[in-house]
Structures are given as structure tokens and as C-alpha cells.
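Visitor: Got a structure here, written out as C-alpha cells. Questions coming.
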Amino acid sequence: MNFELVFFEDEVRDGFFVPAEMKHAWAAELEVLSEVDRICKKYNIQYYADWGTLLATVRHEGFIPWDDDIDVELLREDLLRLIPILQKELPKYGLIYQDHHSDPGYLFTHTKIRDLKSHICEQNNIDVNYEYRGLFID
């Protein structure tokens, strides 16, 4: 993906300061989403935006200024079909599929697609035992 340089500048959005660092995280997450989108299209699997991502699209025409991830949803049957595909396809792009089956230290019920070329340590410190710490989409 190509981003205009202005995308990465600090700004105040809806009265909330958004630093360049957050915008770099958003760009990395959009890159991950782009790969997931490509794979889903290739295998005819539907997904949709949810939670803060859906709200942000409607209310903020982009990201919620304080939100730090992208949330997507699938029907369970589509997810079960997509998991082995992601496990095969994602490593080619420096990405990894993560859930409590693939990573025993993972404590959430939702899955993540992580960018192994990046590093993030979530503030809640719940991820201290994770093998992978890259930026992610849920």
C-alpha cells in the first residue's frame, strides 16, 4: 500500500491527539488487512468490519483516534475454512495466525493475525507469555 506522507504526521482528530507513532501502527495494520483481504478474495471467503473498526468507518471515516487495532469478523464456518489457508499463506508475507491452539500462552478467545516484522507489547501485559508480539488485527 502507498500512503501519502501527510498520513504519518501528528494531528488532532476529534479533539484527541494522534501521534505519528499511532499512524505508523495503523498503516502496518492496514498492510496486514490488505493481505488478509487478498487471501479471502482468492478463496472466496467473506469477512466484515466489526467493533471499533465498523464504528470508526461510519463515525470517523477512518480510525477512531484512540483505537489501536482493526477488528474483522467471519462466520464460524468460514473461519474454520480460512484457518488452514492462513497458516499456509501468511508466513510468505511475514505474518502469522494466532489463537489459543497455535500459541498455548494466548489467553483471548478471538484470533489475531500478527505482523512479525513489527513489535508491540500490549499495555495490559496480558501478552507477556506470547511467542509473537507483532502488530495485529483481530
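The values are calculated or read from the model by the stated rules, or taken from the named source; none is laboratory data. Since this is a predicted model, take the numbers as computed values, not measurements. Here the Cβ is made from the backbone with ideal geometry for all residues, glycine too, and neighbour counts use every protein chain on show. The area values use the complete protein model at the heavy-atom level, side chains included, leaving out ligands, DNA and RNA. Shrake-Rupley method; radii C 1.70, N 1.55, O 1.52, S 1.80 Å.
Visitor: In the stretch 121-138, what residues are surrounded by fewer than 18 Cβ atoms within 10 Å (Cβ to Cβ) and either within 20 Å of Lys41 (Cα to Cα) or modelled with pLDDT of 90 or more (or both)?
Guide: Passing the criteria: only Asp138.
Visitor: Taking the stretch 81-97 only, how many residues are of a type in the set (Phe, Trp, Tyr) and at pLDDT 90 or above?
Guide: 1
Visitor: Something else about it: So the check is Cβ under 6 Å with 6+ separation or different chains; which pairs have a first residue in the stretch 58-86 that's in contact (Cβ under 8 Å) with a residue 12 or more places away in the chain and among the β-branched types (Val, Ile, Thr) and a second one that's open to solvent by less than 30 Å² (accessible area, probe 1.4 Å) and not in a loop (DSSP other than H, G, I, E, B)?
Guide: If the second residue must be open to solvent by less than 30 Å² (accessible area, probe 1.4 Å) and not in a loop (DSSP other than H, G, I, E, B), the pairs left are Ile64/Gly52; Ile64/Ala56; Ile70/Glu29; Ile70/Thr53; Ile70/Ile137.
Visitor: What number of residues in the stretch 1-22 are aliphatic (A, V, I, L, M) and more than 27 Å from Asp37 (Cβ to Cβ)?
Guide: Of the residues in that region, 1 qualify.
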